[in-house]
Amino acid sequence: MQIFVNPNYDFVKWRFHAVAFSAFIILLGLGMYLTRGLRMGIDFSGGANVVLKFREQVPFDALRSQIANASVQRYGKAEENAVLIRLPKQGSEGDYAGQLVQRLNVSLNPESATKHDLNYQGRDTLAEILKNADPDRKGTGPAAHDYYYTMAQSVISRRSELGLFSNMSQVTSAPGVSSSAGKVISEKAFLGKFNVLNQESVGPQVGKELQQKAIWAVILSTIAMGIYITFRFDLGFGIAAMICIVHDVLIALAFLVLIRGEFSLNIVAALLLIVGYSVNDTVVTYDRVRENARKLKARVPFGEQLNNAMNQTLSRTILTSGSVILVLISLVVFGGKVIHEFSLVLLVGVLSGTYSTLMIVPAVAVAWEEYVSKRRGGKAPRRAEANRSEPLPRKPAPERAKRA
């Protein structure tokens, strides 16, 4: 599919404007980082995250009074009655999330001391209650254990579908729950005020190690891409590719700082995807430069060679990037809160990668070519000759001796 018919845009001409624009965005992000900092997720800072879903309105005042040192905020839409509780970095390793949930369950659900909480406790405890009561007269053998275990699993699966139980009829109508078993559940269990949607704890030492590994993952992947481009093409292209990758990562991080996003493992995954995607169009452009150079018969300025290659691959660049951008926009709109920042950062990275291929690559590659030319006294090698293997001129055949 050809979007542009014989395009002839002068990308090299606007390279300095592009560099100035990118520098402004990166410096703006750096200024925001120095003044406001970067919000570190639990993966890197340590601490605990707990997401609770309540049957009724979230008791924010009660939660904040019991965990004064934690951040308590609404999670999702107001009608979902969910809350995110974030505990700060702790001084030692431990299951902070589990301890917090246990403490809240005791304070908000006093009935849990004598009854089974269907919105909080799991399958095994419910199966044991049903087995001891034996409402369906199954006896005490292994078959009875399996029977009530399956019934308890059906109840918990139903809770997972609903998020939490809001009335007892939702429990007793779960598949496989008999009427006699439903009576036992109604007598010996109750519906707690909340259900745990998610809980995670990261100790300070683990968070520090994850932070270091994340940084090294981005750095080493960038260097690896540069080395690959260097061996695949030449040193100048390798350096240009590395600078463009760093440019795209910095643009994505600057955007994350500007929106006050949280730097987590999801964002690291997005940055690594940006590293891989950023070099994709660059490789295609470099390959077209080399392919065109083999066909040239006269000396052509390197900037013009780049312009020709980028114009020839422009349709492919727009189609590839456009399809990816459409998918990412769908993730931003419909993906939900969990991957919202991941999708946004990846979207900005893809846009930046496309822009850097068209505008930043020429700036770096042409600057490198000019630098090499000055080092060699203004005699840079013609890429048309360096990349083309021309046959050696044939020696003229000796004339045949004339016959007398």
*For region 102-129, what are the residues that are under 16 Å from residue 147 (Cα atoms) and not basic (Lys, Arg)?*
124, 125, 126, 127, 128, 129
_residue 339 being buried (at least 21 other Cβ atoms within 10 Å of the Cβ) and in contact with a helix residue (DSSP H, G or I) (Cβ under 7 Å, 6 or more places away or on another chain)_ = no
*Please work out which one of (1) over 30 Å from residue 366 (Cα atoms); (2) touching a helix residue (DSSP H, G or I) at 6+ places or on another chain (Cβ under 8 Å); (3) not assigned by TED's automatic domain parsing to the domain that holds residue 98 is the condition residue 240 fails and give its number.*
(1)
*asked:* Among the listed residues 65, 22, identify the single one that is crowded, with 17+ Cβ neighbours inside 10 Å and modelled with pLDDT of 80 or more.
replied: 22
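Can you report the number of residues in region 39-58 which are assigned to a loop (DSSP other than H, G, I, E, B) and surrounded by 16 or more Cβ atoms within 10 Å (Cβ to Cβ)? Show your work before the answer.
Taking region 39-58 first, the residues assigned to a loop (DSSP other than H, G, I, E, B) are 41, 46, 55-58.
Next cut, surrounded by 16 or more Cβ atoms within 10 Å (Cβ to Cβ) only: 41, 46, 55, 58.
Selection size over region 39-58: 4.
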*If you go through region 130-150 one residue at a time, do you hit one that is hydroxyl-bearing (Ser, Thr, Tyr), surrounded by fewer than 17 Cβ atoms within 10 Å (Cβ to Cβ), without any contact (Cβ under 8 Å) to a residue 24 or more places away in the chain and in a helix (DSSP H, G or I)?*
no
*Might you check whether a residue that is in a helix (DSSP H, G or I) and at pLDDT 85 or above occurs anywhere in region 192-205?*
no
*asked:* Looking at (1) aliphatic (A, V, I, L, M); (2) farther than 30 Å from residue 114 by Cα; (3) touching a Pro at 6+ places or on another chain (Cβ under 7 Å), which one does residue 239 not meet, given that it meets all the others?
replied: (3)
*asked:* Suppose we filter region 243-267 for residues that are surrounded by fewer than 22 Cβ atoms within 10 Å (Cβ to Cβ) and farther than 14 Å from residue 29 by Cβ; how many remain?
replied: 5
*asked:* Looking at region 224-239 only, could you name the residues that are buried (at least 19 other Cβ atoms within 10 Å of the Cβ), over 14 Å from residue 290 (Cβ atoms) and touching a residue at least 40 places away in the same chain (Cβ under 8 Å)?
replied: 225
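Given the condition outside any helix (DSSP H, G or I) and either out of contact with any helix residue (DSSP H, G or I) (no Cβ under 9 Å at 6 or more places or on another chain) or not basic (Lys, Arg) (or both), answer yes or no: does some residue in region 207-215 qualify?
Filtering region 207-215 down to residues outside any helix (DSSP H, G or I) leaves none.
Scanning region 207-215 turns up no residue that is outside any helix (DSSP H, G or I) and either out of contact with any helix residue (DSSP H, G or I) (no Cβ under 9 Å at 6 or more places or on another chain) or not basic (Lys, Arg) (or both).
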*Among the listed residues 71, 107, which satisfies the condition of being surrounded by fewer than 14 Cβ atoms within 10 Å (Cβ to Cβ) and touching a helix residue (DSSP H, G or I) at 6+ places or on another chain (Cβ under 7 Å)?*
107
_Subset of region 68-89 that is more than 21 Å from residue 121 (Cα to Cα) and in a loop (DSSP other than H, G, I, E, B) - its residue that is modelled with the lowest pLDDT_ = 89
_Selection count where residues are touching a helix residue (DSSP H, G or I) at 6+ places or on another chain (Cβ under 7 Å), touching a residue at least 24 places away in the same chain (Cβ under 8 Å) and assigned to a helix (DSSP H, G or I), scope region 285-309_ = 11
*Pairs only if they're at least six apart or on different chains, beta carbon under 7 angstrom, first in region 114-126 and assigned by TED's automatic domain parsing to the domain that holds residue 100 and among the β-branched types (Val, Ile, Thr), second assigned to a loop (DSSP other than H, G, I, E, B) and modelled with pLDDT of 90 or more; list them, first residue then second.*
none
*Somewhere in region 90-112, is a residue outside any helix (DSSP H, G or I) and free of Cβ contacts under 8 Å to residues at least 40 places away in the same chain?*
no
*Give me the pairs: first residue in region 367-380 and hydrophobic (A, V, I, L, M, F, W, C) and part of a helix (DSSP H, G or I), second residue modelled with pLDDT of 65 or more and surrounded by 14 or more Cβ atoms within 10 Å (Cβ to Cβ), beta-carbon distance under 9 Å, and six or more apart or on different chains, which are they?*
367/15; 367/240; 368/236; 368/237; 368/239; 368/240; 372/236
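The values are calculated or read from the model by the stated rules, or taken from the named source; none is laboratory data. Model, not experiment: these values are computed from the prediction. Cβ atoms come from the backbone with ideal geometry, glycine included; neighbour counts cover every protein chain shown.
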